[in-house]
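Input: a single structure, listed below in structure tokens.
The values are calculated or read from the model by the stated rules, or taken from the named source; none is laboratory data. As the structure is a computational prediction, the values presented were derived from the model and not from experiment. Here Cβ is always computed from backbone atoms with ideal geometry, including for glycine, and neighbour counts include all displayed protein chains. Heavy atoms of the whole protein, side chains included, go into the accessibility calculation; ligands, DNA and RNA do not. Shrake-Rupley method; radii C 1.70, N 1.55, O 1.52, S 1.80 Å.
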Amino acid sequence: MLNIYTSEKRDKLTFKPRNGKEVMMYVCGPTVYDSCHIGHARPAVVFDTIRRYLEYAGYAVTFMSNITDIDDKIIRRAGELGISCAALASRYQDEYEADMAALGVRSPTIRPKATEHIQDMIDLIKDLESKGIAYCTSRGVWFDVSKFADYGRLSGKVTDDDSTEHRVETDPEKRNQQDFALWKFSKPGEPEWESPWGAGRPGWHIECSAMSGKYCGMELDIHGGGADLCFPHHENELAQSEAATGKIFANYWMHNGFITVAKDDGEEIKMGKSKGNAFWLREAFKVSSPMALRFWILGTHYRMPLLYKPSLLKSAESSIKRIYTCVEALGEKIAAIAEGEEKAPAYLIKWGETAPAERMGADFVAAGFGAEVIKLGTEFISAMNDDFNTPKALAAIFDFVNAANSALAAMGGQDAYAASQMLISVLGVLGLPPERPAAAGVGGDDYIRLLVDIRTEARVKKDFALSDEIRDKLAAIGVQLNDKGGETTWTVS
RNA sequence: GGCGGCGUGGCCAAGUGGUAAGGCAAGGGUUUGCAAAACCCUCAUUCAUCGGUUCAAAUCCGGUCGCCGCCUCCA
């Protein structure tokens with residue numbers, strides 16, 4: 001039984017999609033006006049993992065994630081660079097998609113762009129206007145929050161106007177100061193679309209409602225995003241959507257915690273918009289592999305705050321290597337199985353053939369190392385069913401790695417196969433590949449082979465000075481040699 | 001001012017009533033020509049702090065201290 005924390009109730013609820021095994025999931029995507037910083041990685045990785053787990057649990061997931069390609073920030077930045085908004089957005093959307101791919105984030109089922117859904121937004125605003133909920137002023141079209149009794153239901157923000165002292169601007173034309181823009185009239189030179197009220201562009205919040213309306217009738221099961229989006233963005237989405245349809249917009253509101261940055265090794269890393277520090281994702285990729293960064297994100301529960309510092313990425317890199325090494329060791333055991341011999345033991349087949357949702361608590365008795373294999377699967381599911389507790393899931397994986405390493409010497413091929421299959425499968429749910437990333441730029445395998453052969457000759461002749469020199473110098477460029485028996489293998493980092 | 005979150009070993013981080021998971025780092029040992037990897041052992045009588053409830057609290061309640069987020073664009 002899967003339990004999900006929803007921000008609206010501030011509690012965990014048993015997950016029950018509206019429509020059997022179909023899950024409609026919408027996650028707010030980026031505004032593409034600049035390169036990704038590490039903060040962009042967290043929601044992408046978190047919700048990608050949630051999507052993967054839901055699929056593992058047997059749900060058919062429609063995963064929608066938008067690209068905001070028109071808004072004030074884009075207009076400003078495009079002006080600074082002297083290029084069109086479309087060109088700017090296109091450039092940074094490409095960058096975003098490449099960076100997310102490096103993190104193992106799968107493409108959404110649907111990736112709608114705001115500028116391709118202007119008419120859907122206009123239709124929605126017209127609907128709201130016809131219901132008397134939207135009104136027009138000299139600056140644009142607004143949503144009248146006083147017409148939506150439930151305003152504030154999601155975020156718990158009070159709706160009285162007493163605390164206006166902290167508001168930046170008050171607009172005397174607005175009926176309530178919390179009213180938000182559905183449509184903004186354009187100023188000269190700004191991108192604009194025709195509308196019944198005048199040329200302009202959509203407000204920020206309307207796109208998510210309109211696009212989820214187009215693709216699933218504004219009836220979401222899960223709506224996700226960063227914690228900062230809870231208010232006002234999601235509160236406003238909820239208001240305009242439910243005001244239009246009269247139906248619950250989303251049953252589970254999920255918000256990932258923020259990444260904060262801190263001093264590390266005496267060096268201060270500032271969080272901010274200034275360029276060129278380790279805050280940028282591509283800078284972080286220089287500290288560790290993207291997969292170690294993904295591992296680092298999953299090492300903390302998604303709702304908790306996450307501290308960023310380079311040493312934690314290095315730590316994650318060490319951790320993930322331990323997993324790779326185990327998978328490789330199991331692989332060698334499997335390779336030793338005789339040709340034509342049956343690989344998968346009965347209990348693994350039984351596990352694999354059972355409906356994922358029913359695996360928990362089911363009877364998967366297996367003797368010997370099989371008990372560990374089943375335990376990994378069971379504990380993994382148990383952890384993930386508890387509001388996607390990935391740190392707990394990783395702990396189960398490390399317990400298993402330890403057990404596997406201990407049992408390795410005496411392990412038979414079938415158990416090794418089962419162990420490997422289970423391990424690879426749960427890693428896959430977390431979006432972590434089971435093998436080391438192929439290293440590039442260290443030189444071809446042929447050159448390393450050549451040096452290793454020379455070293456092997458030296459070792460045969462007991463010329464350890466030369467053999468150690470070769471090993472140390474290769475290590476210095478990231479090639480780690482491992483002598484096992486008479487054979488030398490290597491890994492590249 | 002309003003709403004919310006966090007504070008667990010050197011560094012991270014699970015754990016929301018039953019007597020402290022896991023990772024990284026560190027030290028000792030086994031193995032190895034030496035390494036690497038792996039394995040074994042050690043590493044929080046204690047969970048910011050004070051008080052309360054309870055047979056029992058890191059976990060519940062109240063106070064205090066510290067840090068952070070949202071209320072304005074922000075993942």
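Brief remarks on what is shown
- Neighbours by Cβ (under 6 Å, 6+ apart or cross-chain): first from region A:1-21, without any contact (Cβ under 8 Å) to a residue 60 or more places away in the chain; second of a type in the set (Phe, Trp, Tyr): A:21/A:59
- For first residues located in region A:172-193 and without any contact (Cβ under 8 Å) to a residue 12 or more places away in the chain, partners that are open to solvent by less than 70 Å² (accessible area, probe 1.4 Å) and lie 6+ apart or on another chain with Cβ distances below 7 Å form the pairs A:192/A:186; A:192/A:199; A:192/A:200; A:192/A:201.
- Criterion applied to A:296, A:280 was being within 24 Å of residue A:227 (Cα to Cα) and open to solvent by 30 Å² or more (accessible area, probe 1.4 Å), and the one residue passing it is A:280.
- Residues that are within 24 Å of residue A:223 (Cβ to Cβ) and not in a loop (DSSP other than H, G, I, E, B) within region A:62-87 comprise A:62, A:63, A:64, A:65, A:67, A:68, A:72, A:73, A:74, listed in sequence order.
- Residue list for region A:131-145, restricted to those being in a loop (DSSP other than H, G, I, E, B) and closer than 21 Å to residue A:193 by Cβ: A:137, A:138, A:139
- Sub-8 Å Cβ pairs linking a first residue in region A:309-322 that is of a type in the set (A, V, I, L, M, F, W, C) to a second residue that is near RNA strand B (Cβ under 7 Å from one of its atoms), at least 6 apart or interchain, are A:316/A:299, ordered by first then second residue.
- When region A:312-327 is filtered for residues that are over 23 Å from residue A:482 (Cβ atoms) and more than 6 Å from RNA strand B (Cβ to nearest atom), only A:313 remains.
- Exclusive hit being in the same structural domain as residue A:328 (by TED's automatic domain parsing), open to solvent by 70 Å² or more (accessible area, probe 1.4 Å) and either modelled with pLDDT of 90 or more or within 16 Å of RNA strand B (Cβ to nearest atom) (or both), set A:399, A:415, A:387: A:399
- From the options A:35, A:90, residue that is over 28 Å from residue A:238 (Cα atoms), hydroxyl-bearing (Ser, Thr, Tyr) and part of a helix (DSSP H, G or I): A:90
- One residue stands out among those in region A:174-222 that are part of a strand (DSSP E or B) and within 12 Å of RNA strand B (Cβ to nearest atom): the one that is most open to solvent (accessible area, probe 1.4 Å), which is A:184.
- Criterion: at negative phi, out of contact with any His (no Cβ under 6 Å at 6 or more places or on another chain) and open to solvent by less than 20 Å² (accessible area, probe 1.4 Å) - qualifying residue of A:83, A:70: A:70
- Residue check for residue A:321: under 29 Å from the mean Cα position of the chain (by Cα) and either surrounded by fewer than 18 Cβ atoms within 10 Å (Cβ to Cβ) or at positive phi (or both): yes
- Residue A:42 within 13 Å of RNA strand B (Cβ to nearest atom), part of a helix (DSSP H, G or I) and among the basic types (Lys, Arg): yes
- Every residue from region A:93-120 that is in a helix (DSSP H, G or I) and open to solvent by 20 Å² or more (accessible area, probe 1.4 Å): A:93, A:94, A:95, A:96, A:97, A:98, A:101, A:102, A:115, A:116, A:119, A:120
- Out of A:458, A:407, sole residue that is assigned by TED's automatic domain parsing to the domain that holds residue A:320 and of a type in the set (A, V, I, L, M, F, W, C): A:407
- Positions within region A:223-234 being more than 9 Å from RNA strand B (Cβ to nearest atom) and assigned to a helix (DSSP H, G or I), in sequence order: A:234
- Residue in region A:347-369 that is among the polar types (S, T, N, Q), exposed (fewer than 15 other Cβ atoms within 10 Å of the Cβ), outside the structural domain of residue A:21 (by TED's automatic domain parsing) and outside any helix (DSSP H, G or I) present: yes
- Cross-chain or 6+ apart pairs with Cβ under 9 Å, region A:328-341 first and among the hydrophobic types (A, V, I, L, M, F, W, C), then not in a helix (DSSP H, G or I): A:330/A:411; A:334/A:343; A:337/A:343; A:337/A:412
- Flag if residue A:373 is within 11 Å of RNA strand B (Cβ to nearest atom), surrounded by 19 or more Cβ atoms within 10 Å (Cβ to Cβ), more than 18 Å from residue A:300 (Cβ to Cβ) and touching a residue at least 40 places away in the same chain (Cβ under 8 Å): no
- Residues (open to solvent by 80 Å² or more (accessible area, probe 1.4 Å) and either more than 19 Å from residue A:57 (Cα to Cα) or not basic (Lys, Arg) (or both)) located in region A:1-29: A:1, A:9, A:10, A:11, A:19, A:22
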